[in-house]
Structure formats: C-alpha cells, structure tokens
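The values are calculated or read from the model by the stated rules, or taken from the named source; none is laboratory data. Because the structure is predicted, anything quoted here is derived from the model rather than measured. Here the Cβ positions follow ideal geometry from the backbone for every residue, glycine too, while neighbour counts run over all protein chains shown. Calculation scope for accessible area: heavy atoms of the full protein, side chains included, ligands and nucleic acids excluded. Shrake-Rupley method; radii C 1.70, N 1.55, O 1.52, S 1.80 Å.
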Amino acid sequence: MGNSVISANRGVKYILVGALPRRLAAMNLEIEINNNYKSQQKSLRPKQLKLMFFCDLEVDVNGEETFMVDRKILASYSGRLSKLFGKSKGSAPSLKVVFHDFPGGAECFELMLRFCYNFGRTAITPSNISLLHCAAKFMEMKSSVSKASNLLEQTEKSFEETRYWTWAELLMALKQCQGLLPASDSSGILDKCFDSLVGRLALASEVSPCPSTSSPDSSGFRFSCDTKSTESLKTVFSKTTWWFEDLLFLSLVLVEMLVKSMVSRKFNHVIISRFLVYYQKSKSSTASFSEKCRIVETVVDMLYILDQSCVSCKSLFEIHWVALNLKLRKNSRNKLENMIGSQLDHATLDNLLAPSPYGMNYLYDVNLVLRFLKVFLRGLCQVSAMRLNKVASLLDLYIAEVAPDPYLKPSKFLALIMALPESARDSYDEIYHAVDMYLEVHSGLSEEEKMKICCSLNLEKLSAEACIHLSQNTKFPSKSAVQALISQQFKLKSLLHATTKPPKSFADSPSTAMEAGNESKKHESEDQIVLYAGKLDLQSDSKDLRAHLQGMQWRVMELEKVCRKMQIQMAKIMKSRAPSHSHSRSLPRLCS
C-alpha cells in the first residue's frame, strides 16, 4: 500500500504512512515530511543545524498549540511514539505529529514533556496527577519502554495516597477528571476519586462532628479549612448535607457515577435522595429548556434505583411540577409517576391538583390521578387498611374539588369514584355530596348517565342525614331515592336483630315484661316499614312518591331512636347483673 496525500500547502505535504498497521493508523496521528528540509539545511549555519537536530519533531496538540521537541527523547519514554517511528519507512529528517484527541490538550502535553526532559522526574500533586495519568496512559509510558522512569506507575502509586488529600484537593482532582472525560473514566482514576470521596463522606456521617466547634478535618480525615464547604458546615447545612453545595460542579455524567458508587457502598439512601433533589433545584434554576430536561431525567433515573421509602413524596411532587412543562422521555415520566403512586398516602390535595395537559378543556389532569391510583393499587395485598383509608379520604377531597368542572366527562368522574374498592371507605357521605354537586353542574345528563353515577354510591354506608337529603333531592333519579330507603330499612333490621337479648337465667326479672313489650313494638315497626314500602308505586307521580319516602324516612329515624334507647337500657341491666366481689347482690335498677 502506497502513501496517500492528505493535503498540500506551500510545498509541505501531509501524508499518512500506509505501511503502518491498522491499529496504529487509527490513532489519529499524521506524519509530515518536509521535502524542503535539505534545501533549508544548506542555508543554515552549524549552530542552527545543531539546534535543528534537537528539535526534529513538531507536535500539533489538538490544534491548540504546536511543540518543537526531540523525537528521541519522547520515543524513549513513550511506547506509542516508539512504535510509530519504528514502523515508518525511511529516515525522514523532519517529522510532524498531529494529535486530534490528546487528553487535557496542550497543558497536559506540556506536563508530560517536563517529565521527559527532566530525566523522568516531576512533582506529582493532586493538582496535576489526573493530567499526568491520562497523558501517560495515552502515550503508553510503561516500564517496558523506560525501565528507569515509568510515569504511569508513578501516578498510580500517588493515587494510593488520596486518603491524605484535603477536601479541596480531592475536589480539584474531580474537576480535572471531569474535563478529561472519557479518558479519565477509561483509565480508572474517576473510580479511585469517587471511592475516596464516598468513603470520607460515609465516615463524616458516622462521626457526626459538631458544626459549631469542629472542622471536617477533626472527623478522622483531612479537609481543607479554607474551603466554602467548611463555612457551609458551620452555618447553613446540617452535618449530613454540608457537602451538597461543593458537588454542584459535577456534570450529569459524574453525578450518575457518584450515585451508583454510593449505592454500591450502601450509603444512606435518604441522604442520596436529598442530594439529588438539591442538585436538581440548584442546576435547573439557571439551565436552558433542554438542559432542564436532561437534569430532571437523570435525577429521576437515579431516584428510581433507591429505596422508595427513603425518597420524600413532597420532593417527588416538586420535581413533577417542574416536569409538567418539560418534554421528558416516556420512560423517565413513567418512573416518576410510579414513585409518586407507590406512596400516594403521603400526598396532599394540592399535590394532586395538576392542571390539565395543553389543549384539553377540563381544569385538572384527572388521568394523572387515575394513573397514580393504579400504581398504588398494584400492590394492594401489601397495602395496610390505614394507608388505604388515607388515600380514600384524599381521593374524596379531590373528587369534591373536580366535581364542579363543567368539562369533566361522566366517565372520568365515575372512574374516580370506582377507582378504590368499597372497603376503602367507611362512609360515602363525601362522595354523595360530590355527586350532588356534579349533577347540579351537569344538569343536561340523561337519566341513564345519572343512574350510572348514582349506582356508584354504597347506600349502606350513607348516614341517615344523607339518606334524608337524597330522598328529597330532585337532582337524583327517583329509583335512587327508593334504593336509599330500602337500604336504610335493611340497616335498621340488622341493628334491631343485633340488640343483645337478656340471659335465660334472668327471664323472671322485672325487665322481662318490658323487653317483651319492646320486642312486640319492634316487630310491629318492622312490619309497618315493609308494608309501607310495598305500597309504593314507582310509576306514580314523583311528588307523591317523595312525600311517601319522606314519611318513611322519618319513621326509620324514630325506630333508630327506639333501638338506641333499648341498647342503652340493656347495657345498664347487664351491668347491674354483673357478679359483685361482695356476698350481697344488688337489685337491678330499671330505666324510666
């Protein structure tokens, strides 16, 4: 394979040496041979020739800066250049190497040159260790090339001393690693920095130094005393969150790596979640629209891998409120809704009142709440009765809030009522009032649609006052009023039959006659209710029907009062008949 011309300018040809192996040709290196070197050499004086001899290699670093160096010196330390020059054909007197992706750019290359020209010696500090390590990795400065001085080995040994670095030095190394991506990630120095960072943060949370008297250095490891983090620790942030502000410089990639490192080392998930929320709030305040999307998506993805019991429901709703105006990925939006739905019992009414999506007429996003409920009920077997009751109370408030919406469809309103099982509510009074409001606003509904909504009410869990109101409510269908009355009749029967009967041993007591009389009154009242209900004609005039229903309802309430009186009386009798510790027996007191 011959040499191919890349470009030509002023008699200088840039050629790619075709004889190089493919793996070397892929290193983004270009060699330049100056054809005019011989003519230039004749016009130079001896001292200039000597200088030219020691600077026989021109290196272009990422287009930022060009260095004139001695190729023999560099090749003696760099395995990459050694292999490149060893494979090239001929002995070109002047060469040019162009690096397109040198990590750290011209600054990093200059640090590497100082090492080579100083006979393999240089000061390795936290401020330059990341640059030197990436340069040594890129240039293949291993022991196989230079047995006397190995830059790669020196930097790796220096990384073992990270536990002695101050907090400021560790942050400086992390900032450099962030600028060296992806080279710093592939070389493994990021993992070492994160291990040191997470380790001392975990130690700080265990030692828990007093913010007013101790500095972070007194916690068993060194921190910088002149950093902003120390002041934050003493003034604003608590002992577990003082480091939040110091790590705001991290990019989304590094935040993701940091959180995964914390999770793998079993760091406190509550603190991790609080840091992610703080990071999202701080970065989103000055970010563009597209940046906000990426920040929220990354934070949501990281929160999703944590223990959900450690993530604040309030914080999730705050993120969700920001996400309403963003175009998040469907996967991230589903994760956020799943996290909220799993702890819906911690939400408030204001949290649920999200506005409807753009282009929709109805006021609130009912579909969103239905999705939350679906997630919550997904693990219904693991949901306690107390949590279920809390969600039911919250949903009742929400239904009452959205009921006056004139654009809310009956199907959506009915879906909200039927979303939870009947066992979740002890009373349906709140639902009844919401239905009453909905029917008042949506007066144009057909009888069939009204009956579907009314059938969602559990009439057995309506109070007597609600049943009276329903029987007189002209907005409800007549069938609903009859069903409410029949339900109250069965409830009264159950209440009467549940009344405790006196023991057989006391059958001859003075209360027997009174009980017999009350029992006959009870059966008489029951018969009257049944007969009265049987005479109702559902096809008769609605005014007469409601008048009959109202009379029956008052009769039911009178019987309930009698039943309660009987229960109180029986309780007093049983109390007076209880065995006494003394030998004397007291006579029962009859209630007037």
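Take the residue pairs LYS390/LYS561; LYS175/LYS335; LYS335/LYS390 and return only those whose Cα atoms are more than 28 Å apart. List each step's numbers first, then the result.
Values: LYS390/LYS561 32 Å; LYS175/LYS335 31 Å; LYS335/LYS390 23 Å.
Checking Cα-Cα distances, LYS390/LYS561; LYS175/LYS335 exceed 28 Å.
Taking amide H as placed 1.01 Å from N in the peptide plane, VAL98 has its amide H under 5 Å from the amide H of GLU30, ASP60, each at least 5 places away in sequence or on another chain.
Backbone N atoms of region 438-474 closer than 16 Å to the 7 Å Cα→Cβ label point of SER411 belong to residues 446, 449-450, 452-453.
Which percent of the accessible area of region 323-447 is formed by carbon and sulfur heavy atoms (probe 1.4 angstrom)? Before the final figure, lay out each step's value.
Details: 3440 of 6360 Å².
Reported share for carbon and sulfur atoms: 54 percent.
Would you please give the FRET efficiency between SER427 and LYS266, computed as 1/(1 + (r/R0)^6) with r the Cβ-Cβ distance and R0 = 45 Å, to the nearest 0.05? Using R0 = 45 Å, I get an efficiency of 0.50. Seen through its C-alpha gyration tensor, with square-root eigenvalues sorted a ≥ b ≥ c, region 343-461 comes out oblate because a/c lies at 1.5 or above while a/b is not bigger than b/c.
Given a Förster distance of 22 Å, report the FRET efficiency between MET386 and SER309 from their Cβ-Cβ distance, rounded to the nearest 0.05.
Values: r = 16 Å, r/R0 = 0.71.
Computed FRET efficiency for MET386 and SER309: 0.90.
Scaling the Cα radius of gyration of region 288-404 by the globular reference 2.2 N^0.38 Å produces a ratio of 1.07.
Extending 7 Å from the Cα toward the beta-carbon at both GLU440 and ALA354 defines two label points whose distance is 3.0 nm. Sparsely packed loop sites in region 293-397 (the trypsin sites (Lys or Arg not before Pro) outside DSSP H, G, I, E and B with at most 11 other Cβ atoms within 10 Å) comprise LYS327. With all pairs of different C-alpha atoms in the average, the Kirkwood value for the hydrodynamic radius of region 290-348 is 11.4 Å.
Taking label points 7 Å from Cα along the Cα-to-Cβ direction, SER463 and PHE289 give a separation of 5.1 nm.
For the pair GLN567 and GLU318, the difference between a 0.36 nm per residue extended length and the Cα-Cα distance amounts to 84.4 nm.
Checking the cross-link pairs LYS266/LYS374; LYS137/LYS281; LYS292/LYS314 against a 28 Å limit on the alpha carbon distance flags LYS266/LYS374; LYS137/LYS281 as lying beyond it. In this structure region 343-461 gives 51 Å² per residue of accessible area when probed at 1.4 Å with all protein chains present.
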